[in-house]
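Take a look at the structure set out below.
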Amino acid sequence: MQQGGRAVSEPDFSEGAAYVRGRFVPLAEAAVPLTDWGFSRSDVVYDVVHVYRGGFFRLADHLDRFHRAMAARQLAPAESREQMEAVLHRCVALTGLDDAYVSMMTLRGRPRVRGSRRPADCDNHFMAYAAPWIDVIPPEVQARGAHLMIASNPRIPDASVDPTVKNFQWADLTTSVLEAHTNHYDTSVLCDAEGFVTEGPGFNVFIVQDGRIVTPDRGSLQGITRRSVLEICAELGIEAAIAPVTREMLENADEVFAATTAGGVMPVARVGTASGVRILGNDRPGPISALLREEYWKRHEAGWHMTPVRRELAEL
Ligand code: PLP
């Protein structure tokens, strides 16, 4: 572009495009002020949807969950749901990506009244970005089956931080990741203080026992991928339930797998602690986990729950 006789380069959105305070900027330039409660208090709700081969997967379900989370935390940004949806499309369109990780957040913001400690005085604001695809468990680890450590710290109680409201209060999850890596595991899963399995850092967990699938009924996000897995199980005639899963059930499962937007169905090959590890099956993804992984991506190829990205929005 020429401006006043000087060449001005177009912004480069190839590594990500973000929406910040009404403007679209390259992701690397997107920032939050130090005094924003979204940063200083993790006072923020978020959601993540993926784009696969040019289409959003279950976009309406992600927006529904995001709006429930905002309502639960009394967050009310200026943008309507339709405006947010258009922002997400435009972020992806600007990047030109076919496969993307798309995050939306509403932050509490800063108090309009200096020194105020009242959340109601804050200027809630919506932010979003699209970035190249991310897998929370690297694809090569998914292929061999992840090594999952049962954390020694418990998940924060549901009554303290509601896990169904997707949030950045990750201290317990991050503590478990640090421990897992110290002990040479790929990632972790947390139990609650009563010994029931909850979830991992960024994914729901499933066990397979005698051909039946169970995923925890507590301490976890109501994952959209989890819902997809349950729908696929129903179609394939595989018995599956959301029900209590004890630590013992996890330790003795025939198969274990994880599920998330950023990775899909991710098989687990080993489960253990600092004092010992159990190898599942033949130290490879189990047959039901592998089948569900295949079916999940096969349905993506067929356009299941897909909303095409509105590419024309890049030209606005
Ligand atoms: N649990 C946690 C803590 C997560 O952060 C996520 C996703 O990021 C999930 C579960 C999986 O949810 P979904 O399948 O909706 O991505």
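The values are calculated or read from the model by the stated rules, or taken from the named source; none is laboratory data. As the structure is a computational prediction, the values presented were derived from the model and not from experiment. Neighbour counts are summed over all protein chains in view; Cβ atoms, including those assigned to glycine, are modelled from backbone coordinates with ideal geometry.
Condition test on E79, is it acidic (D, E), over 30 Å from V229 (Cα atoms) and either in a helix (DSSP H, G or I) or in contact (Cβ under 8 Å) with a residue 24 or more places away in the chain (or both)? Yes, satisfied. The condition of being over 19 Å from P163 (Cβ atoms), among the β-branched types (V, I, T) and buried (at least 18 other Cβ atoms within 10 Å of the Cβ) holds for only one of V87, V45, that being V87. Every test in (1) away from the ligand (no atom under 16 Å from the Cβ); (2) at pLDDT 95 or above is passed by G281 save one, and that test is (2). Selection of region 204-251 for residues being more than 17 Å from W297 (Cα to Cα), outside any loop (DSSP other than H, G, I, E, B) and in contact with a Ser or Thr (Cβ under 6 Å, 6 or more places away or on another chain) yields N204, F206, I242. Mind checking whether some residue in region 290-297 is away from the ligand (no atom under 16 Å from the Cβ), over 25 Å from R65 (Cβ atoms), touching a residue at least 40 places away in the same chain (Cβ under 8 Å) and out of contact with any helix residue (DSSP H, G or I) (no Cβ under 9 Å at 6 or more places or on another chain)? Scanning region 290-297 turns up no residue that is away from the ligand (no atom under 16 Å from the Cβ), over 25 Å from R65 (Cβ atoms), touching a residue at least 40 places away in the same chain (Cβ under 8 Å) and out of contact with any helix residue (DSSP H, G or I) (no Cβ under 9 Å at 6 or more places or on another chain). Take the residues in region 175-192 that are in a loop (DSSP other than H, G, I, E, B) and among the acidic types (D, E); name whichever of them is farthest from L148 (Cα to Cα). Checking each candidate, the answer is D192. Residue count for region 198-216 satisfying the condition of being over 17 Å from A234 (Cβ atoms) and away from the ligand (no atom under 14 Å from the Cβ): 3.
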